[in-house]
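See below for the structure under consideration.
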Amino acid sequence: MSDTVRPMSTGEDDGFGSSSLRANDADLADAAHLWKSAYVHIPFCAHRCPYCDFAIVDESVEANVDHRRYVDALVREIEMEDPFGPLDAVNFGGGTPSLLSSEQLGEIIEALRRRFGFRAHTEVSLEVNPEDWSTDTGGNLRSVGFTRVSIGAQSFDEQIMGVLSRRHSADATTEAVHSARVSGFRTISLDLIYGHPRETSASWAGSVDRALDLPIDHISTYALTVERGTALSREILAGATPPDGDVQAERYETFCERSSTAGFDRYEVSNHARPGHACVYNLSTWTHGEYLGFGLGAHDHRWGVRSRNHHRLDRYLEDVEAGIRPRLGTEHLDADSQDRDRFMLGLRLAAGTPASGFATTFLDSPEGTRLLDHGLIIVEGDRVVVTQPMLTDAVAREALSVSSYDC
Amino acid sequence: MDQSRIRNFSIIAHIDHGKSTLADRLLERTGAISERDMRAQLLDEMDLERERGITIKANAVRIDYTAQDGLEYEFNIIDTPGHVDFSYEVSRSLEACEGALLLVDASQGVEAQTLANAYMAIESGLEIIPVVNKIDLPAADPDRVAEELVGILGGDVEDVIRVSAKSGIGVDELLEEIVTSLPPPEGEPDASLRALVFDSYYDTYRGVVALVRVVDGSLSEGDDIRLMASGEDLVVDEVGVRRPSIERTKRLGSGEAGYVITGVKDIDLIRVGDTVTHAADPATDALAGYDEPKPMVYSGLFPTDGDDFERLREALDKLRLNDSSLLYAPETSRALGFGFRVGFLGLLHMEIVRERLEREYDLDLVATAPSVEYVANLTDGSSVIVQSPQDLPDAGVRASIEEPYVKVMIITPAEYIGTVMELVQTKRGEMGEMNYLSTERVELHYLMPLSEIVFDFFDLLKSRTRGYASLDYEPDSYRESDLVRVDILLNSQPVDAFSTIVHRDRATTYGRAMVKKLRELIPRQLFDVPIQAAIGSRIISRETVKAKRKDVTAKCYGGDITRKRKLLERQKEGKKRMKMVGSVEVPQEAFVAALKIGDE
């Protein structure tokens, strides 16, 4: 593994994946805008978690799910895609991508490499559930090309894991991390979910400390969100206590203090990394970079067009097998909309978003002035930065109201 | 038509007691309308009337009825509104009639407004046929209700007609009773024309349509007419009746009611209450007219988007074409910008006007809490009329404040007498007479400040008597009261639109309740928002809307930026219904919070 510093992208063969810049570095964010990545959606799950509204295939409900057929479809969809790349990052999300065998995952990686090409340091990342990890998992994943794993710990408090319907133990998470480290992944990330009404501040602090004690390079913390149509939302409609935004804000602050002490930089609302370990795919998304999306319900963004795939498995498979792109819809963005989207997305970054283009209009507007006056945004050098990441959407909404009468 | 075979009558009823259904049934029975064309509430034309099940505007429909004596009779049903806000319209309609059906729900009994309108009909010398409706409902108690009616009108329980307008029971009997009990009109067919304008409305294509009742003489198309009060001379373009579809009759004889079109576009030229006569052969004395309806409550109406001010003005101008009781003048608020101070006949009128402005004219409005008209007497001996609390002169130059009082009539089941008395007392009411309508129902009279009624009195009365009590009121006099203005400050800045005039004894309680209510209504913002209530410079209450701490989604599923942006856009739309006051976003309902603080 090479950890040499590469401050700027210099050529065809070089990405930022191996740079040791701090994750919140503005140069990194600027470079990320030009990166190209691919997202691969693996929809299979052993069961649906109560808070999840993603496009998944719940194998506890659907009988005889054919993984092979899906992998073949993915490969075919990749082959149908227009030229793109070389890729700076590939991210396998889900669903539970670790339900596929490493051979199947390897076939998909190979298809991507054949079609688009990789750089020397292309980040190839996989979301893994701890219960799917066994002693040879790490080696197998490394051998088919993965450089990064993101382990879905969610919590280290068994009671909270219970209410979130997670089926692993805290020890399984710990073992997976150690095993992955030994297998030689460049980056190991953990996912945590906070702010369930049953969670206490002590429980959260405990989970945070256990996570930060592990040999990891990256950590994502997600506030539990009630999405429409989920089991969680039904419980709340039936009278269960909903998550409390103030409490979640406190938990977030607790986390930021502790992770910062442990050497992590917050670079996006929910993402924190040690120097050199910012997630390439993630940064690319939030800097309005271009990415392809493959698989069920996947989204992509290129040439000013955002498209999304079918989120029903039968439709997806039928289209791909008939040689048709499995598109459900597309949205064309004109130059102004692209400019505004880049601004809005960039607000989520600790490095902020360039104070040019739409940003200038916004900063001059009554809405922008008011936010500046109240210190919710600041201009640092040539960038606009949100000072309270937990209020990012409020700032974005103000920005949207400016764009509506400025167009 | 021979005048002896004309019957002009109104139907007096409380809301929901079945007036429109009965009118529909009469139309159907006499063949004025086939069952196939029947739709509920035929006479109520406005969408709002149908939706709310109420009648707002008066209306006149002619039907022909062949009675058991074999003769054909002409009935003119003059429809009247049933709500206290529109009682002046009732009085107008009654002037055009010789009789009235007093319609009462067999399970509800007589309500205050029905009683008030019945008294009005008796005073106008109308013959009244008592009718109990909905006798086929399980909860019906027609005997008790008939006794109540006899207690009010005199006569015999047997004379009370029992019907079910819905199923048609008793309707034939009622039609006969109209022929035999109600007197025909008494005008002079050969005298000079005198016709009373009892309502008018504006039609986009035809201009002003006046509803008239010919008392003496006759009125034909082509006649040169004069409006006796305004002195305006006009030519009659068209004369006709509604059946209920429009039928051009070219002539209206004495005793008949119908419509007149002159092509005039300015509704102020044909005022309701004026007398129509012939220009060449004018009558000497005009008919007794009406007093102009006087607004009882005032409220500020402001467009949420300041650019809509002109559109609001145009919309008000248009609404006034059909509602001459609507008075308005431009008003400026530091908090809300440019708008209008609008006078209304009551709270329902206010609600209806606002709804029509928003719905028919696509305006987004902020309404301020209603206020009555005060008189401030100043130390220099002069006095000022105050329609908006923000216009109240400073305490230093004020000698006294007078406020309008109203005579209130409440009808309630006897078991709630104590509850009602207690409530009225907290609203500064002074007890007057008390009469038993029957052993179970009581009529209570009070003198009360109107300001107490326009707040939440009606809702409180309803909720404390489980919906059984009813209320009617009429203006009485102005009286001096110990009143103060309570101001509300947001972010330490006074917001004029929130100022309210209240009695000194209640000022602190009111201030606290108002601040608390506003804290509930104003959403958390990106910074703390202190809310204070003050009398002059003295702060009497304070609460803080704490800054919100979290407003962000954790992640964006699979790069679905489109969905993310759409969500933000939807949330932003919600914000549009907020008014920016300084740097605080205030929801529209906050401006009428004073109405919602109840008896906290």
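Where strands (runs of 3 or more DSSP E) fall entirely within the stretch B:361-426, those with at least 2 residues that are surrounded by 17 or more Cβ atoms within 10 Å (Cβ to Cβ) and of a type in the set (D, E, K, R) are at B:398-413. Per the conditions (1) within 21 Å of the chain's Cα centre (by Cα); (2) surrounded by 18 or more Cβ atoms within 10 Å (Cβ to Cβ); (3) assigned by TED's automatic domain parsing to the domain that holds A:Tyr39, the sole criterion not satisfied by A:Asp300 is (3). Residue-level analysis places A:Thr135 outside the set of residues that are open to solvent by 10 Å² or more (accessible area, probe 1.4 Å), of a type in the set (Val, Ile, Thr) and part of a helix (DSSP H, G or I).
Of the residues screened, A:Arg148 is one that is open to solvent by less than 20 Å² (accessible area, probe 1.4 Å), in contact (Cβ under 8 Å) with a residue 60 or more places away in the chain, touching an Asp or Glu at 6+ places or on another chain (Cβ under 7 Å) and among the charged types (D, E, K, R). Taking the criterion of being open to solvent by 40 Å² or more (accessible area, probe 1.4 Å) and hydroxyl-bearing (Ser, Thr, Tyr), the residues of the stretch B:450-476 that qualify are B:Ser463, B:Tyr468. For the stretch A:385-397, enumerate the residues that are under 14 Å from B:Ala547 (Cβ atoms), among the polar types (S, T, N, Q) and facing chain B (nearest Cβ under 10 Å). Listed by number, the list holds a single entry, A:Gln388. Answer yes or no as to whether B:Met514 is in contact with a strand residue (DSSP E or B) (Cβ under 9 Å, 6 or more places away or on another chain), part of a helix (DSSP H, G or I) and aliphatic (A, V, I, L, M). It is true that B:Met514 is in contact with a strand residue (DSSP E or B) (Cβ under 9 Å, 6 or more places away or on another chain), part of a helix (DSSP H, G or I) and aliphatic (A, V, I, L, M). Return a yes/no flag: does the stretch A:389-404 have any residue that is at pLDDT 90 or above, in contact with a Pro (Cβ under 7 Å, 6 or more places away or on another chain) and either farther than 30 Å from A:Thr221 by Cα or not charged (D, E, K, R) (or both). No, that holds for no residue.
Report yes if A:Val61 is of a type in the set (A, V, I, L, M), part of a loop (DSSP other than H, G, I, E, B) and either under 19 Å from the mean Cα position of the chain (by Cα) or on the phi < 0 side of the Ramachandran plot (or both), otherwise no. For A:Val61, the condition - of a type in the set (A, V, I, L, M), part of a loop (DSSP other than H, G, I, E, B) and either under 19 Å from the mean Cα position of the chain (by Cα) or on the phi < 0 side of the Ramachandran plot (or both) - is met.
Candidates in the stretch A:250-268 are the residues that are hydrophobic (A, V, I, L, M, F, W, C) and within 14 Å of chain B (Cβ to nearest Cβ); of these, the one that is most open to solvent (accessible area, probe 1.4 Å) is A:Cys256. All but one of (1) open to solvent by 20 Å² or more (accessible area, probe 1.4 Å); (2) assigned to a helix (DSSP H, G or I); (3) among the aliphatic types (A, V, I, L, M) hold for A:Val226; state the number of the condition that does not hold. Answer for A:Val226: the failing condition is (2).
Against the condition within 14 Å of chain A (Cβ to nearest Cβ), crowded, with 17+ Cβ neighbours inside 10 Å and in a loop (DSSP other than H, G, I, E, B), how does B:Lys548 come out, does it pass? Here the answer is yes, as B:Lys548 does meet what is asked.
Within the stretch A:366-384, residues that are within 10 Å of another protein chain (Cβ to nearest Cβ) and closer than 15 Å to B:Gln525 by Cα reach partners that are open to solvent by less than 40 Å² (accessible area, probe 1.4 Å) and not in a helix (DSSP H, G or I) with beta carbons closer than 7 Å, at six or more positions or on different chains, in the pairs A:Arg370/B:Ser583; A:Leu371/A:Ile377; A:His374/B:Leu526; A:His374/B:Phe527; A:Leu376/A:Val386; A:Leu376/B:Leu526. Among the conditions (1) open to solvent by 50 Å² or more (accessible area, probe 1.4 Å); (2) within 14 Å of chain B (Cβ to nearest Cβ); (3) in contact with a Cys (Cβ under 8 Å, 6 or more places away or on another chain), A:Leu99 misses just one, which is (2).
Among the residues of this structure, A:Phe343 counts as one that is among the aromatic types (Phe, Trp, Tyr), within 12 Å of chain B (Cβ to nearest Cβ) and touching a residue at least 12 places away in the same chain (Cβ under 8 Å). In the stretch A:108-117, is there at least one residue being within 19 Å of A:Cys45 (Cα to Cα) and of a type outside the set (Lys, Arg)? Yes - at least one qualifying residue is present in the stretch A:108-117. Would you be able to tell me the number of residues in the stretch A:196-217 that are open to solvent by less than 50 Å² (accessible area, probe 1.4 Å) and away from chain B (no Cβ under 14 Å)? Final tally of qualifying residues: 13. Restricting attention to the stretch B:564-588 and to residues that are at pLDDT 80 or above and open to solvent by 50 Å² or more (accessible area, probe 1.4 Å), the residue that is farthest from A:Ile56 (Cα to Cα) turns out to be B:Gly582. Looking at A:Arg167, is it open to solvent by 10 Å² or more (accessible area, probe 1.4 Å), over 27 Å from A:Arg325 (Cβ atoms) and either in contact (Cβ under 8 Å) with a residue 60 or more places away in the chain or within 14 Å of chain B (Cβ to nearest Cβ) (or both)? Against the criterion (open to solvent by 10 Å² or more (accessible area, probe 1.4 Å), over 27 Å from A:Arg325 (Cβ atoms) and either in contact (Cβ under 8 Å) with a residue 60 or more places away in the chain or within 14 Å of chain B (Cβ to nearest Cβ) (or both)), A:Arg167 qualifies.
Just wondering, is there one or more residues in the stretch A:93-105 that are farther than 24 Å from A:Glu318 by Cα, touching a strand residue (DSSP E or B) at 6+ places or on another chain (Cβ under 8 Å) and assigned by TED's automatic domain parsing to the domain that holds A:Asp136? So far as the stretch A:93-105 goes, yes, one or more of its residues are farther than 24 Å from A:Glu318 by Cα, touching a strand residue (DSSP E or B) at 6+ places or on another chain (Cβ under 8 Å) and assigned by TED's automatic domain parsing to the domain that holds A:Asp136. Scanning the stretch B:562-598 for residues that are in a strand (DSSP E or B) and either of a type in the set (A, V, I, L, M, F, W, C) or more than 30 Å from B:Phe457 (Cβ to Cβ) (or both) yields a count of 6.
There is no residue in the stretch B:488-503 that is free of Cβ contacts under 8 Å to residues at least 12 places away in the same chain and either within 14 Å of another protein chain (Cβ to nearest Cβ) or assigned to a strand (DSSP E or B) (or both). Cβ-Cβ contacts under 8 Å between residues 6 or more apart (or on different chains), taken from a first residue in the stretch B:315-342 that is in contact (Cβ under 8 Å) with a residue 24 or more places away in the chain and at positive phi to a second residue that is surrounded by fewer than 19 Cβ atoms within 10 Å (Cβ to Cβ) and not basic (Lys, Arg), are listed as B:Gly337/B:Gly306; B:Gly337/B:Phe309.
For B:Phe9, state whether it is buried (at least 21 other Cβ atoms within 10 Å of the Cβ), in contact with a Gly (Cβ under 9 Å, 6 or more places away or on another chain) and either modelled with pLDDT of 85 or more or not assigned by TED's automatic domain parsing to the domain that holds B:Leu102 (or both). Yes: the conditions hold for B:Phe9.
The values are calculated or read from the model by the stated rules, or taken from the named source; none is laboratory data. No experiment lies behind these values; they were computed from the predicted model shown. Neighbour counts are summed over all protein chains in view; Cβ atoms, including those assigned to glycine, are modelled from backbone coordinates with ideal geometry. For accessibility, only protein heavy atoms count, side chains too; no ligands or nucleic acids. Shrake-Rupley method; radii C 1.70, N 1.55, O 1.52, S 1.80 Å.
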